[in-house]
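What follows is a single structure, written as C-alpha cells, with notes after it.
The values are calculated or read from the model by the stated rules, or taken from the named source; none is laboratory data. Worth saying up front: this structure is predicted, and the values here are computed from it rather than measured. Here Cβ is always computed from backbone atoms with ideal geometry, including for glycine, and neighbour counts include all displayed protein chains.
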There are 2 protein chains.
Amino acid sequence: MSETKPIVLKIGGSVITDKSGELAARTEAINRISEEIAKANVKKLAIIHGGGSFGHPTAQKYGIKEGLREETQKVGFAETHHVMTVLNGLLMDSLVWHNIPAVSLAPSGCVITENGRIKSFDDTILKTYLNMGFTPVLYGDPTLDDKLGFTVLSGDQLVSHLAIRLTASRIVIGVDTDGIYSADPKIDKNAKLYARLSLDELGRIKERLGKSHSPDVTGGMLGKITELFPAVERKIQVIILNAGKPNRLYRALKGEEVEGTIIEKE
Amino acid sequence: MSETKPIVLKIGGSVITDKSGELAARTEAINRISEEIAKANVKKLAIIHGGGSFGHPTAQKYGIKEGLREETQKVGFAETHHVMTVLNGLLMDSLVWHNIPAVSLAPSGCVITENGRIKSFDDTILKTYLNMGFTPVLYGDPTLDDKLGFTVLSGDQLVSHLAIRLTASRIVIGVDTDGIYSADPKIDKNAKLYARLSLDELGRIKERLGKSHSPDVTGGMLGKITELFPAVERKIQVIILNAGKPNRLYRALKGEEVEGTIIEKE
C-alpha cells in the first residue's frame, strides 16, 4: 500500500473564499469539495489550499512577502498565519466531518525559504502521515526566510515541490475557471480553453497570460503556471479544472475524463 | 538579545476551558490572560497550553493515547488535532489582538514520540522564532509514535522538554488552583498550600497527590508534577499559580512576588 503514488490536490483560494471580500469563506463550496474528496476515496492524497481573501489581504497589508523591515510587521506575520489557520480550520472541520482523516501541517512550522524559495522542508512526518493513510493538508503560509527574515510561501510553490518530493502520480488543481485559456476569459469573450498543453506549448503561452485581478501576493494564474514547470518536467501530469463546478474535482480524483486543461511534458 | 533566557509559560486547559463541558472555552479568561501576557512584555516567551474540554474528551472517545489499533481511530486522531487547533485558534486570536507576535506550532507536525515520550523534535524553527522576537505557542496534541502508531503528547511533557532545550530561566505554570497543596483542596478543606518545595520534598508529596476529577487523558496534577522533575533537576525554577485569578500570571511573568508554589532543586 505504501507503494501507491499519491495525488497532490491544490484547492485555489478563489474557490473556497470570496476574493472580493475580506475573510469571506465560501462554506458551501468547502462542504461540497469535502464531499467530493470523501466520495473519490483516493488511497494517498495530499491537499494544499490557497489563501484567498484570508491570507492575501493580510499579508499585503503588512508587506510580509517583501520580508522583515520593521518590528511592527511581526504582529502582521502572526496575524497572516493566524487568518490562514482560520480558513484552514473551516476546511479541516468539513473534511473531518466527512470522515477524512485529515491532518493540517502549517508550512510556517516546517519550511524555511531563501529569497522566497523553499530551502528546507523536513517531510518525514508528512510522509509518515501519508503512508499511514492520513491526508496531510498544507496551505500558503508565511514562512521564515534565510535572506528576507520572513516571506510568504505560496500554495502553488508547495504543490510542485511536494509532488516532486512525494513522486506523485498526478497534480489536480482546482481553480475558479474551467482551465487555461488563450486569453483571460474574465475579459476576453473569445478566449479559448486549452484541453491539453505540452510543456513547450505552456511555455509559449505563459507570457501571454494576464495576472488575476484580485490582490494575490503570490502571483495569480501566471504564478501558478510558472510553478508547475519543474513537476511537469519530471513527467507528473497536471490537470487544471474548475472546482467551483460540482463533480469536476471528484471526476479528476477518480481519474475520469473531465473538462479542464491537462498539462503533460510532451 | 538572543542571549536572554526565555520563560516557558504553561496555561492549563482547566483555566481556558470549562472541563465540565465539551468544547467549552472560557473566552473571558483567554482575553484576560492575553492582556496579562501583553502587559508583562517578556523578551523571550514560549507558551504551551493544555487541551481542557477540547482535546481530552475527543482523545478519550477514540482511545488515541493508547495507540493505533483500528482504522476508525484515524478520523478520531484527525478530530482530536482539529479540536485542539480550534482551542488554539481562540488563544491565538486573542494574543494577536493584543499585539503579541504569536505563532502556533502544532506538535502533531513536528514531534515524534516513542511509547508516549518525545523521541524527536526538531526545534530549529521554534528557536528561530524565539530569537527573532516571536512568541511560539504549542499545545497538547496527538502525535505520531514510533511504537504505538500514534498517541497523545501532553502539554506538561512539552513544558519540561522545551524548558530544558531552550535553557529557560523559569517555568510558569498557570492552573485553576493556587498551587500545590498537601491534599486535594477541592475535597479536603484543611489542605495546606506549599509556598516553596525542594525537589526532595516534591518527590515525597508526589505520591500523596490525587488525580484530577475531570477526564484528563494526560494525567492531571500528578502527571504535571512528575513531568517537572527533569527541568527542576537542571535548576530551572518552576512556579505553579492560579491563572484563573487576575494578575497572578502577570506578576509571575514580571518576576514579582505572587501567591503560588515555587519549586526549586534545593
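Observations on the model:
- Complete set of residues in segment B:1-32 that are surrounded by 22 or more Cβ atoms within 10 Å (Cβ to Cβ), closer than 18 Å to residue B:134 by Cβ and among the β-branched types (Val, Ile, Thr): B:7, B:8, B:11
- Residue within segment B:156-165 that is without any contact (Cβ under 8 Å) to a residue 40 or more places away in the chain and either closer than 30 Å to residue B:246 by Cβ or not in a strand (DSSP E or B) (or both) present: no
- Within segment A:175-194, the presence of at least one residue that is among the aromatic types (Phe, Trp, Tyr) and at pLDDT 90 or above is confirmed.
- Among the residues making up segment A:6-31, those that are without any contact (Cβ under 8 Å) to a residue 60 or more places away in the chain and in a loop (DSSP other than H, G, I, E, B) are A:18, A:21, A:22, A:24, A:26.
- Members of segment A:124-145 that are more than 10 Å from chain B (Cβ to nearest Cβ), out of contact with any Gly (no Cβ under 9 Å at 6 or more places or on another chain) and closer than 21 Å to residue A:112 by Cα: A:127
- Counted residues, segment A:106-133 - those being surrounded by fewer than 21 Cβ atoms within 10 Å (Cβ to Cβ), under 20 Å from residue A:96 (Cα atoms) and of a type in the set (Phe, Trp, Tyr): 0
- Qualifying residue in segment B:39-54 (condition: out of contact with any strand residue (DSSP E or B) (no Cβ under 6 Å at 6 or more places or on another chain), under 20 Å from residue A:134 (Cβ atoms), at pLDDT 95 or above and surrounded by fewer than 20 Cβ atoms within 10 Å (Cβ to Cβ)): no
- Residue list for segment A:172-190, filter: touching a strand residue (DSSP E or B) at 6+ places or on another chain (Cβ under 7 Å) and closer than 20 Å to residue A:29 by Cβ: A:172, A:173, A:174, A:175, A:176, A:177, A:178, A:179
- Hey, residue A:178 within 14 Å of chain B (Cβ to nearest Cβ) and either part of a helix (DSSP H, G or I) or closer than 30 Å to residue A:265 by Cβ (or both) or not: no
- Any chance residue B:115 is among the polar types (S, T, N, Q) and either on the phi > 0 side of the Ramachandran plot or more than 13 Å from chain A (Cβ to nearest Cβ) (or both): yes
- Test: residue in segment B:201-218 that is assigned to a strand (DSSP E or B) and modelled with pLDDT of 85 or more: no
- Output for segment B:230-266, where each listed residue is assigned to a helix (DSSP H, G or I), buried (at least 17 other Cβ atoms within 10 Å of the Cβ) and under 16 Å from the mean Cα position of the chain (by Cα): B:231, B:232, B:249, B:252, B:253
- Filtered residues of segment A:62-108 (kept if of a type in the set (A, V, I, L, M, F, W, C), touching a helix residue (DSSP H, G or I) at 6+ places or on another chain (Cβ under 6 Å), in a loop (DSSP other than H, G, I, E, B) and facing chain B (nearest Cβ under 7 Å)): A:105
- Tallying residues that are part of a loop (DSSP other than H, G, I, E, B), farther than 27 Å from residue B:146 by Cα and away from chain A (no Cβ under 14 Å) within segment B:34-61 yields 1.
- The residues of segment B:144-165 that are more than 16 Å from the chain's Cα centre (by Cα) and polar (S, T, N, Q) amount to a single one, B:151.
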